[in-house]
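Rule-based calculations on the coordinates, nothing more; no lab input. From a predicted model like this one, the values you see are computed outputs, not experimental measurements. Virtual Cβ from ideal backbone geometry, glycine too; neighbours counted across all protein chains shown.
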Amino acid sequence: MNAIEEKLWNYIDGTCAPAEQEAIARLIEHDELYAKKYQELLALNQEFATMELDEPPMAFTYNVMETIRTENALQPLKAAIDKRIIKGIAIFFTLTIVALLVMAFSSIDISGVKLNITMPAGIKLPNASGILSSSFTKWFLIFDLVLVLFLTDAYLRRRKATKHV
Amino acid sequence: MQSKLSDIELIEQTLAGNQSAYADLIKRHQRFVFTLAMRFAKGREDAEEIAQDCFVKAYRSLSSFQGQSKFSTWLYSIVYTTAMTFLRKKRIATDSIDDEQTYIQVEHHESGYDTDNVENKSRSFYLNQAIEQLLPDDATIITLFYKGEQSLDEIAQTLGIEANTVKVKLFRARQRLKEKLERNLKQEVKELI
């Protein structure tokens, strides 16, 4: 019986394929059981469509609009200001600073300046090739690698957890 | 009086700063949203809280509405998620079989009242009574299909499930509604006799 009802509901809703639609129409026409069930479901369908909607309280719209107004009033200034304005101000100051720097550097004449840097006698610069080949550097790089792997793992776990939420 | 502007036009006006346009949108959809909320809350106060929360949430994210689907479909999906969150908060399981037992108890409890006015009760009264006895998911699908002017695809979008699943769920919900309707009517006849 359920299979017949399922077919008939699909027929009533118009959700079955055209060929199936035709087949069911023929069954309704010739099979008494189908015809009876079809009339029953059709009546039920019409009855379901007469369902009444619930009426919200009179002041519903007013209450929602009041909540929105209150929220807007409580909104911090940072959120209330259009972000484009903030970006515009930031761009203006950045450009001004860059222009000033360009002007300042272009007005400096460094052709006559001679650099003569000598290290004080007591200070010895370390041998760079010595540091790079030492075991200390190797351990330092291994530690860095482990740290990078740990941080990447923590980041991926956090992202996965956020996705699940 | 409700506005003659379309939902999209009202949304554009709201985004341009005209708050009364949003009030018009609320007036247009409030009955349906409230009814959907009632399907979950089973109490007017809670339903009002859910419906109000939905409209506030919709207002907050109105700028993210792309217009790819109907506004109503988008709004009903907000109602559904808000109502589900509300139910979770209230620790009411919505779709477990155990709950069916609770509802059966409730319906048996409720079916005995107001027997004096049985003659005055219309078929729609019994229909609404039967819908109230359904599980929230069943009642929501029935309401969306018959009153929300939503296609199976749109209902699927609202509930976040496949259209085929909606088809199956709608069939089962209709069966349950039919059974409850018949049971209630039989009960009333018995009490009359």
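Brief remarks follow.
- Summarising the amide proton neighbourhood of B:Gln150: residues at separation of 5 or more, or on other chains, whose placed amide H is nearer than 5 Å comprise an empty set.
- Given R0 = 51 Å, the distance between the Cβ atoms of A:Ile89 and B:Arg172 translates into a calculated FRET efficiency of 0.30.
- Among the listed pairs A:Lys87/A:Lys160; B:Lys27/B:Lys90; B:Lys90/B:Lys169; B:Lys42/B:Lys147, a Cα-Cα separation exceeding 30 Å is found for A:Lys87/A:Lys160.
- Likely footprinting exposure, B:Tyr126, B:Tyr22, A:Tyr62, fewest C-beta neighbours within 10 Å first: A:Tyr62, B:Tyr126, B:Tyr22
- Peptide B:44-50 is shielded by partner chain Cβ atoms: per residue, an average of 2 of them sit within 10 Å of its Cβ.
- Separation in nanometres of the label points that stand 7 Å from Cα toward Cβ, at A:Tyr155 and A:Arg69: 4.8 nm
- Arranged from fewest to most other beta-carbon atoms within 10 Å of their beta carbon, B:Phe40, A:Phe48 become A:Phe48, B:Phe40.
- Label-point separation in nm, A:Thr162 to A:Glu20, each point 7 Å along Cα→Cβ: 4.3 nm
- Total charge dipole magnitude, region A:2-49, about the Cα centre, Cβ charges on Lys, Arg, Asp, Glu only, Debye to nearest 20: 20 debye
- Pair A:Ile123, B:Lys27: separation of 7 Å Cα→Cβ label points (nm): 8.0 nm
- Computed E for B:Arg88/B:Ala163 - FRET, C-beta separation, R0 35 angstrom, nearest 0.05: 0.85
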